[in-house]
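The values are calculated or read from the model by the stated rules, or taken from the named source; none is laboratory data. The structure displayed is predicted, hence computed values, not measured ones. We place every Cβ from the backbone using ideal geometry, glycine too, and count neighbours over all the protein chains shown.
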């Protein structure tokens, strides 16, 4: 079923028609949001480690599968249904408000850490307050109250979270984690003409402050290519990751604006802020985890398709594919999406391959060892936030079979909701969330990418707020080819 926004043309050939609602505009939003909340609580509760938070993550995974699979069928209508949706948004606000109290510092210390905490708490509480005020908005609200759902509030939170991120970087100038060192040193090596797949991250093991990867670059070169300018100009690649998070929030907001979802009948204006103010966001930035690059690429891709900028969309997806290996799992999902389609997907793959090719040509054995075999040979770890990690405590080895079976289910769901931008984002989120749940090593950062995709899916479908009347339902399904004008 496809629901249309009021006041929008019901013409499937228009650009605005790309953001249509294969995910029903009421009944399935609740499970999707609850799934996001459960995953956010799970990764924050144990900093993305340990067995017991997996129960929350599995509950969130199940809720997302229910939502995307249309197991809950039909739109909520009437006062009780609106109240039910309202309870979901309240739950989201509570998760955000509670999340600001969980601020692990690890390698951060001093006054800058205090500044980061203060700004992050303010940003998180303001985001939660904006959602709650949007939920109960009534005509004639005072100007101060209306400010909570205004663009000024959105940009204020962006400013607060940006300030919190800068302060966190200053508070932890040298976090003891291999990702930080391999990104910093590989960026230096890029300017010196060194091959990142042949570098080591310290002169010797003795001087290396972490007991982790020492001479292995486990990513694709796009990660360092994008972050190297921030190392050169600002001395720290994490400024690039912070900017990528801001770009993601802005892109999601623009998706909502194009979809007519920022007005009185739209989604809460604070929705895009979830990619900045989720519980533990500053912890993720401190650790230099690279998922913000990927979320920025995918959100810009979705916005570019809506804006008719096909080349931007192709390049954005190509950058994601050239940055981290597991993004290749989204190639079929992108090809499923009629507005992007096989032709543009192949173009993105070609651009990504061209970006990676120089390193393959110069040192094929080094590239194969670092970028391929290192990831395949990772052992199952007991502190992983995944099913294999928990089962390893009782001596059970799952092997690849359950992962393959779960991914088949995820791809089937992605195929079912493939018709529009919301379906693409939801399908991509399901595929990557399923991988994380079933993978050998999954931690806090791995889950933040599917969480961002779920937020983008909500923004793209433009579900109306709790006081809006039910939208007319159309049974026609959008059919577009990859050759359609973008």
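For the stretch 219-234, a tally of residues being farther than 17 Å from residue 322 by Cα and within 21 Å of the chain's Cα centre (by Cα) returns 0. Scanning the stretch 191-203 turns up at least one residue that is crowded, with 20+ Cβ neighbours inside 10 Å and in contact (Cβ under 8 Å) with a residue 60 or more places away in the chain. Every listed requirement among (1) surrounded by 15 or more Cβ atoms within 10 Å (Cβ to Cβ); (2) in contact (Cβ under 8 Å) with a residue 12 or more places away in the chain; (3) touching a helix residue (DSSP H, G or I) at 6+ places or on another chain (Cβ under 7 Å); (4) not in a loop (DSSP other than H, G, I, E, B) is met by residue 232 save one, (1).
Scan the stretch 275-288 and give yes if some residue there is without any contact (Cβ under 8 Å) to a residue 60 or more places away in the chain and out of contact with any strand residue (DSSP E or B) (no Cβ under 7 Å at 6 or more places or on another chain), otherwise no. So far as the stretch 275-288 goes, no, none of its residues is without any contact (Cβ under 8 Å) to a residue 60 or more places away in the chain and out of contact with any strand residue (DSSP E or B) (no Cβ under 7 Å at 6 or more places or on another chain).
Do we find a residue being modelled with pLDDT under 75, touching a strand residue (DSSP E or B) at 6+ places or on another chain (Cβ under 8 Å), farther than 19 Å from residue 280 by Cβ and surrounded by fewer than 24 Cβ atoms within 10 Å (Cβ to Cβ) anywhere in the stretch 4-19?
Going through the stretch 4-19, the residues modelled with pLDDT under 75 turn out to be 4-19.
Then drop every residue that is not touching a strand residue (DSSP E or B) at 6+ places or on another chain (Cβ under 8 Å), which leaves 4, 10.
Then drop every residue that is not farther than 19 Å from residue 280 by Cβ, which leaves 4, 10.
This time we only want the ones that are surrounded by fewer than 24 Cβ atoms within 10 Å (Cβ to Cβ), so: 4, 10.
Yes, the stretch 4-19 has at least one match.
Just so you know, in the stretch 27-69 the residues that are farther than 30 Å from residue 382 by Cα and surrounded by fewer than 24 Cβ atoms within 10 Å (Cβ to Cβ) include one that is modelled with the highest pLDDT, and it is 30. Against the conditions (1) closer than 29 Å to residue 260 by Cα; (2) without any contact (Cβ under 8 Å) to a residue 40 or more places away in the chain, residue 357 satisfies every one except (1). In the stretch 173-189, the residue that is surrounded by the fewest Cβ atoms within 10 Å (Cβ to Cβ) out of those that are under 24 Å from the mean Cα position of the chain (by Cα) and not in a helix (DSSP H, G or I) is 177.
The set of residues in the stretch 235-258 that are under 20 Å from the mean Cα position of the chain (by Cα) and not in a helix (DSSP H, G or I) contains only 237. The residues on offer are 125, 132, 160, 119, and the sole one that is part of a helix (DSSP H, G or I) and modelled with pLDDT under 95 is 132. Being in a helix (DSSP H, G or I) and more than 22 Å from the chain's Cα centre (by Cα) is the filter; apply it to the stretch 93-115 and report the residue that is surrounded by the fewest Cβ atoms within 10 Å (Cβ to Cβ). The extreme case among them is 111. Give me the pairs: first residue in the stretch 52-68 and at negative phi and touching a residue at least 40 places away in the same chain (Cβ under 8 Å), second residue surrounded by fewer than 20 Cβ atoms within 10 Å (Cβ to Cβ) and part of a loop (DSSP other than H, G, I, E, B), beta-carbon distance under 9 Å, and six or more apart or on different chains, which are they? Here the result reads 53/46; 53/47; 54/46; 65/71, each pair linking the stretch 52-68 to a residue that is surrounded by fewer than 20 Cβ atoms within 10 Å (Cβ to Cβ) and part of a loop (DSSP other than H, G, I, E, B).
From the list 225, 276, the one residue that fits, being in contact with a helix residue (DSSP H, G or I) (Cβ under 8 Å, 6 or more places away or on another chain), crowded, with 18+ Cβ neighbours inside 10 Å and more than 21 Å from residue 425 (Cβ to Cβ), is 225.
Where residues in the stretch 83-92 are over 22 Å from the mean Cα position of the chain (by Cα), surrounded by fewer than 18 Cβ atoms within 10 Å (Cβ to Cβ) and under 24 Å from residue 451 (Cα atoms), which of them is modelled with the lowest pLDDT?
Of all residues in the stretch 83-92, those over 22 Å from the mean Cα position of the chain (by Cα) come to 83-87.
Now drop any that are not surrounded by fewer than 18 Cβ atoms within 10 Å (Cβ to Cβ), which leaves 83-84, 86-87.
Restricting the remaining residues to those that are under 24 Å from residue 451 (Cα atoms) gives 84, 86-87.
On the way: 84: 58, 86: 81, 87: 86.
Top of the filtered list is 84.
Restricted to the stretch 296-382, the set of helices (runs of 4 or more DSSP H) holding at least 1 residues that are under 21 Å from the mean Cα position of the chain (by Cα) comprises 310-321, 331-336, 341-362. Contact annotation: residue pairs with Cβ atoms under 6 Å, 6 or more positions apart or on different chains, pairing a residue in the stretch 429-442 that is at negative phi and touching a residue at least 40 places away in the same chain (Cβ under 8 Å) with a partner that is surrounded by fewer than 24 Cβ atoms within 10 Å (Cβ to Cβ) and in a loop (DSSP other than H, G, I, E, B), are 440/378; 440/380; 441/378; 441/381.
Summed over the stretch 356-384, the residues that are at pLDDT 90 or above and touching a helix residue (DSSP H, G or I) at 6+ places or on another chain (Cβ under 6 Å) give a count of 6.
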